[in-house]
Structure formats: C-alpha cells, structure tokens
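Any read-out appearing in this document is the output of simple, stated calculations on the displayed coordinates, not a laboratory observation. These numbers were taken from a predicted model, which means no experiment stands behind them. Counting neighbours? That spans all protein chains shown, and the Cβs are built from the backbone with ideal geometry, glycine included.
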Amino acid sequence: MSYVGKYEQTTVLLLGLGGNVAGHWGTPRETFARACRELERAGVRIVRISGCYSTAPVGDAPQPRYLNAVVRAEAHLAPGALLRLLKQIERRAGRRTARAMASRPLDLDILDYGGRRIGRPTRRRERSRLILPHPEISKRAFVLVPLRDVAPAWRHPQSGRSVKTLLRQLTPATRANVRQALDSTTDTCDKPQC
C-alpha cells in the first residue's frame, strides 16, 4: 500500500499580487512578471493570470495608485510553506515596510488555498498569521475583479457566494475604482492572458 502525503497532491491556489512603487525588480508590472518566474522556480505552476487593474490605495495616507492582479496556480506546498515563500519573494523584490496599507513594490497574498479554511479573523490584524480564505477577499473589488478573470466559477469557501454575487454586493463606487490597466508594454508573468 502506498501512502500519499497530505501535500503531495496538487492544490489549486488563488494568489493576489499588488504593488504601487518601483522596487529591486523595476515597476510593479515588471515586478509581477519576476515574482511569477520566482514562484515557478519554486515549484508553483502558474495556470492563468488575470489582467492588471489600477486601483486607488486603501487607507488615508497619500500614495500612488496600485496595480493589482490575481494568479491561479497549482502547487504541492503546505499553506505555511507557501506563505513563507511569498514573504521571501516580497523581500527580494524590495518590500521593507512593516506598516499595513503602506506603499510597496510587491504584496503577495494567498486568497484561497483549494477551498481550505484555516484560522479566524481577529479584531486586530496580526502580521504573518495565516487565515484562509483571505479575510478581506469579499470586501475588495481590487481582488474580486481580477479573480473573476481567472476563476469565474469560484465560490467563497465559507459563504458559498459566487465571485459575481460578491462583486454585486459592493457599492458601485467601490467597483468603479477598479480600472483595467491598458499599458501592455510588459505582460504580467509573461503570459498572454495579461
């Protein structure tokens, strides 16, 4: 009898990419492409990447607009190992800030890990604490719009609501803030879908 370990099977992942300032790897769009290559080198297979979307920053501090995208991928990594990998890639890209909602060259988030539910959101945000699905996913048009590009049939693992329903529940102003980035001089992740 052969034993298949818990994470030897491929898991479908949804990863969020964001950035609004240049870093070690160039502009946010160039940084997204390099981050995808780094993920693939680490064994995360990129299946599809959304278009890039320009969005206003969250929070009160004045800063440039963000570029956001979502990647659908497959991997054999445990959730904690995947989170550590994402944080290493962020640091290599030049992310140094510890402040939430601050400008950054790269932000990588696990949005969904094969429908798994891990942890519960607390009132105060705790850095490096893994909560799945991402606790803010249903409130953020800048995540849901590109997520719809790569996984239109996706449903929230807790509420069961579709991505289309979650988007409709947001205010029109929130949805209107997410605009397709038309600059296509560099394809995100070097994939044709971008």
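Observations, loosely collected:
- Asp60/Thr165 FRET efficiency (R0 25 Å; Cβ-Cβ; nearest 0.05): 0.25
- Between amide H atoms placed 1.01 Å from N, distances below 5 Å from Glu136 occur with no residue 5 or more places distant or on a separate chain.
- Sequence of Val47, Val71, Val145 once ranked by neighbouring C-beta atoms within 10 Å, starting from the fewest: Val47, Val145, Val71
- Cβ-based exposure ranking for Ile131, Ile49, Ile118, in which fewest neighbours within 10 Å come first: Ile118, Ile131, Ile49
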